[in-house]
Amino acid sequence: MAEAFSVVPASVWRTLADKLYEKRKNAAVEVEAIVKQLAFSGEHEKITSVINHLANDFAYSPHSNHRKGGLLGLAAVTIGLTNDAAQHLEQIVPPVLNSFNDQDSRVRYYACEALYNIAKVVRGDFIVFFNQIFDALCKLSADSDPNVQSAAHLLDRLVKDIVTESDQFSIEEFIPLLRERMNVLNPFVRQFLVGWITVLDSAPDIDMLGFLPDLLDGLFNMLSDSGREIRQQADSALSEFLQEIKNSPNVDYGSMAEILVQRAESPDEFTRLTAITWINEFVKLGGEQLVPYYAAILGAILPCISDKEEKIRAVARETNEELRAIRADPADGFDIGSILSIARNQLSNESEATRIEALNWMGTLLARHRSEVIVFLNEIFDSLLSALSDPSNEVVLLVLEVHACIARDDLHFRDLVLYLVKNFKADNSLLEKRGALIIRRLCVLLDAERVYREFSIILEREEDLDFAAVMVQALNLIMLTSSELSELRSLLKQSLVNSSGKDMFTTLYSSWCHSPMATISLCLLAQAYQHACSVIQSLGEEDINTRFLVQLDRLIRLLETPIFAYLRLQLLEPEKYIWLLKSLNGLLMLLPQQSMAFKILRTRLKTVPQWNRPGTTVEGKSVEEGEVEMDFASLLVNFEAMQVSHRARSKSQLRSRNLPSSALSLEMRRSEELRRPFSMSVEISRPPSRSSWTLMS
């Protein structure tokens, strides 16, 4: 300290601590001149003593005026040293940096001013203190005093200039410091950080792209900042990085993809749009590199397909198609199980568009990697079955396509039909609203004969006789009215002359016995008119109930449709098709005379031409005398036995209610009304066309 006083007059030291800025400044000028002379003489020990006195007795003083004067003095020493300043920086800079934490805002202000003057002199030599300076500037950028903030901004610009022109700056050492501050919320600090990222990225000798994975999450955080300026700065920085990625041959897509996937779920609309746009570019640019991340990317894309913002939906749809167009292989890390899991989870998404795309992905995977998908079948099968109850027809049709591809194996096919029967049984509205759609589509995808055989086998053993009757009636109506089942109808028409037709007829007959009207319809379709007449004559009083009459009404109307044109034409030869005529007259006798069905059928029968000597003419060779023998006697026994079971069940249900005998008739009518089969229009529209992906044959 004594040496410092011997070098610098005591009056200068006193003035340097004066409360007036001008006096302190004049004292600093004198210190500068003295140090310049000492430096010229090479007396660096004396300079060191001056610096120590400025640091210890001024910069670290408890008195604010001393601290202010000390900062001015340290800057003055640096200016006086000029080219020799570098060797004294270890003494000069630390006291200045310490002053950035001073509680007096004026001291912090003078610290900025002092470091600014020091930096102007030493330039790149002060890079060794860069991390500490950066940390100080980061804090000062959010200083409560606007004057300090202003001074810090000036210092920050100078430091950026020095860093970008220095060959001593280490970006590798700086990035961790930058990364740990990227998630701060203070808007001033965020602007400060984005400013540094932008400046460093623009420096030609610094490759910031390689460090982008460390900064990307923080930049995306800033996109949802409440301050418009920060959002714009972050967006500008991200846009610049994305452009660099497009022009760079070497990019680490994988590590950034994970960040983007998370940001695609952001509640902030602008963040989601930016994230999905980046994902879109990544899929286009580095599709093969992203194979291990496909599941995660798909998990981000599928929900965005249903985003409330149209721009996001459009980009997500485009990305989804780009991703599906890439034919990846499990050997390259393509995780089929994870992708199936993502698609399965999205089947419960509230948006129809997302559920549709999830099913399209399942279909695509089945078409390309069937054997691998089957391995994970237990994990997705229940979800696929549940999706058959989806409120969207398009979703249901796609589910059926996926099921059809899976159901090429007999075991899975049977599981599917069993599930459908179970669900139709549990939810009658599903059968009523979706039954025709589901069954018709399955017939297209899996062959109508195969589908109807399986349904018939299952329903033959169904214990709930009421449900079995309703289900059979539904299947029968679909078979008689749907264009998709025309080949099955053609096969059944050949039942008496073709072994395949006979086999199909007997298979259906076993379960069609649950419904008298379905059985009669099947016989009329198969042209087994004599047996149809036998079935009609076997009906008892208890069989002619409300449900039967509703079904009979529907059949009479169906007889007038093009499907039964062949039958109506056969009426032109009554002598040859006498059993057909007897069957129709039998049905007429069962109908109430005031019903519309009675009038329709009676009008039709009136058009039948008369033949000679009625009752004595021998019929010509009938269709029932065809090439294939059919044991109609056994079939009739089976039918009657089934009807006995149905009657017994009905009586049991009535007895269990313990109703007075006088109320039985009324209750039976009510019961029958409640069990009326679901309504299904005769004219059923065609289901929507198949999805874009193609099932493998």
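The values are calculated or read from the model by the stated rules, or taken from the named source; none is laboratory data. For clarity, every value in this text was computed on a predicted model and none was experimentally measured. Note: ideal-geometry Cβ built from the backbone for every residue, glycine included; neighbour counts use all protein chains shown. Ligands, DNA and RNA are excluded from the accessible area calculation, which covers all protein heavy atoms including side chains. Shrake-Rupley method; radii C 1.70, N 1.55, O 1.52, S 1.80 Å.
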Criterion: out of contact with any Lys or Arg (no Cβ under 7 Å at 6 or more places or on another chain) and under 20 Å from Asp217 (Cβ atoms) - qualifying residue of Gln191, Gln149: Gln191
Looking at the range 484-495, can you tell me whether even one residue there is open to solvent by 20 Å² or more (accessible area, probe 1.4 Å), in contact with a helix residue (DSSP H, G or I) (Cβ under 7 Å, 6 or more places away or on another chain), not aliphatic (A, V, I, L, M) and not in a helix (DSSP H, G or I)? yes
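A quick yes/no check of all residues on (1) assigned to a helix (DSSP H, G or I); (2) closer than 24 Å to Asp329 by Cα; (3) modelled with pLDDT under 95:
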| site | (1), (2), (3) |
| --- | --- |
| Leu273 | yes, no, no |
| Phe282 | yes, yes, yes |
| Ala295 | yes, yes, yes |
| Leu302 | yes, yes, no |
| Lys308 | no, no, yes |
Ala328 vs (1) over 26 Å from Glu240 (Cβ atoms); (2) part of a helix (DSSP H, G or I); (3) out of contact with any Cys (no Cβ under 9 Å at 6 or more places or on another chain): all pass except (2)
Checked the range 135-157 for anything in a helix (DSSP H, G or I) and among the aliphatic types (A, V, I, L, M); matches are Ala136, Leu137, Leu140, Val148, Ala151, Ala152, Leu154, Leu155
Would you confirm, using the coordinates I've provided, whether Val12 is without any contact (Cβ under 8 Å) to a residue 40 or more places away in the chain and either surrounded by 15 or more Cβ atoms within 10 Å (Cβ to Cβ) or within 60 Å of the chain's Cα centre (by Cα) (or both)? yes
Flagged in the range 496-520 as β-branched (Val, Ile, Thr) and open to solvent by less than 20 Å² (accessible area, probe 1.4 Å), in numbering order, are Thr519, Ile520
Kindly list, by first and then second residue, each pair from a residue in the range 360-374 that is under 17 Å from Leu445 (Cβ atoms) and among the basic types (Lys, Arg) to a residue that is open to solvent by 10 Å² or more (accessible area, probe 1.4 Å) and not in a helix (DSSP H, G or I), limited to pairs with Cβ atoms under 8 Å and residues at least 6 apart or on different chains. Arg370/Met696
Going by what's in this entry, would Phe188 be described as over 31 Å from the mean Cα position of the chain (by Cα), crowded, with 20+ Cβ neighbours inside 10 Å and assigned to a helix (DSSP H, G or I)? no
Val199 vs (1) within 15 Å of Thr271 (Cβ to Cβ); (2) free of Cβ contacts under 8 Å to residues at least 40 places away in the same chain; (3) not in a loop (DSSP other than H, G, I, E, B): all pass except (1)
May I ask you to list the residues in the range 416-459 that are open to solvent by 10 Å² or more (accessible area, probe 1.4 Å) and within 27 Å of the chain's Cα centre (by Cα)? Tyr419, Asn423, Leu430, Lys433, Arg434, Leu437, Arg441, Leu445
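The rows are residues; the columns are (1) of a type in the set (A, V, I, L, M, F, W, C); (2) within 31 Å of the chain's Cα centre (by Cα); (3) farther than 24 Å from Leu155 by Cβ.
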{"residue": "Glu180", "(1), (2), (3)": "no, no, no"}
{"residue": "Leu193", "(1), (2), (3)": "yes, no, no"}
{"residue": "Met208", "(1), (2), (3)": "yes, no, no"}
{"residue": "Leu216", "(1), (2), (3)": "yes, yes, yes"}
{"residue": "Gly227", "(1), (2), (3)": "no, no, no"}
{"residue": "Arg231", "(1), (2), (3)": "no, yes, yes"}
{"residue": "Phe241", "(1), (2), (3)": "yes, yes, yes"}
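This table checks each residue for (1) touching a residue at least 60 places away in the same chain (Cβ under 8 Å); (2) surrounded by fewer than 16 Cβ atoms within 10 Å (Cβ to Cβ); (3) under 60 Å from the mean Cα position of the chain (by Cα).
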{"residue": "Thr78", "(1), (2), (3)": "no, no, no"}
{"residue": "Thr82", "(1), (2), (3)": "no, yes, no"}
{"residue": "Leu89", "(1), (2), (3)": "no, no, yes"}
{"residue": "Ser99", "(1), (2), (3)": "no, no, yes"}
{"residue": "Asp102", "(1), (2), (3)": "no, no, yes"}
{"residue": "Arg106", "(1), (2), (3)": "no, no, yes"}
{"residue": "Tyr110", "(1), (2), (3)": "no, no, yes"}
{"residue": "Ala114", "(1), (2), (3)": "no, no, yes"}
Those residues of the range 583-598 which are surrounded by 15 or more Cβ atoms within 10 Å (Cβ to Cβ), within 12 Å of Arg557 (Cα to Cα) and not aromatic (Phe, Trp, Tyr) amount to Ala597
Could you identify the single residue in Ile342, Ile336 that is open to solvent by 20 Å² or more (accessible area, probe 1.4 Å), of a type in the set (A, V, I, L, M, F, W, C) and in contact (Cβ under 8 Å) with a residue 12 or more places away in the chain? Ile342
Quick test for you: out of Leu398, Leu431, Leu411, pick the one residue that is within 29 Å of Ile305 (Cα to Cα), hydrophobic (A, V, I, L, M, F, W, C) and assigned to a helix (DSSP H, G or I). Leu398
Read through the list (1) surrounded by fewer than 18 Cβ atoms within 10 Å (Cβ to Cβ); (2) more than 27 Å from Asn83 (Cβ to Cβ), then give the number of the only condition that Leu158 fails. (2)
Evaluate the following for Ala28: is it among the small types (Gly, Ala, Ser), within 25 Å of Arg123 (Cβ to Cβ) and touching a Gly at 6+ places or on another chain (Cβ under 7 Å)? yes
Out of the residues in the range 206-222 that are farther than 13 Å from Met182 by Cβ and in a helix (DSSP H, G or I), which is least open to solvent (accessible area, probe 1.4 Å)? Leu209
How many residues are assigned to a helix (DSSP H, G or I) and of a type in the set (S, T, N, Q) when one looks only at the range 158-175? 1
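Quick grid of which residues meet (1) at pLDDT below 95; (2) closer than 22 Å to Glu394 by Cβ:
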{"site": "Asn428", "(1), (2)": "yes, no"}
{"site": "Gly435", "(1), (2)": "yes, yes"}
{"site": "Leu445", "(1), (2)": "yes, yes"}
{"site": "Glu462", "(1), (2)": "yes, no"}
{"site": "Leu475", "(1), (2)": "no, no"}
{"site": "Ser482", "(1), (2)": "yes, yes"}
{"site": "Pro516", "(1), (2)": "yes, no"}
{"site": "Leu522", "(1), (2)": "no, no"}
Yes/no for Ala358 being assigned to a helix (DSSP H, G or I) and small (Gly, Ala, Ser): yes
Matching residues in the range 521-535 (in a helix (DSSP H, G or I) and either in contact with a strand residue (DSSP E or B) (Cβ under 8 Å, 6 or more places away or on another chain) or open to solvent by 10 Å² or more (accessible area, probe 1.4 Å) (or both)) number 2
Condition check for Lys576: open to solvent by 30 Å² or more (accessible area, probe 1.4 Å), more than 21 Å from Tyr452 (Cα to Cα) and touching a residue at least 24 places away in the same chain (Cβ under 8 Å): yes
Filtered residues of the range 405-415 (kept if open to solvent by 70 Å² or more (accessible area, probe 1.4 Å) and more than 26 Å from Ser490 (Cα to Cα)): Leu411
Condition first: open to solvent by 50 Å² or more (accessible area, probe 1.4 Å) and touching an Asp or Glu at 6+ places or on another chain (Cβ under 8 Å). Now tell me which residues in the range 638-650 satisfy that. Arg647, Arg649
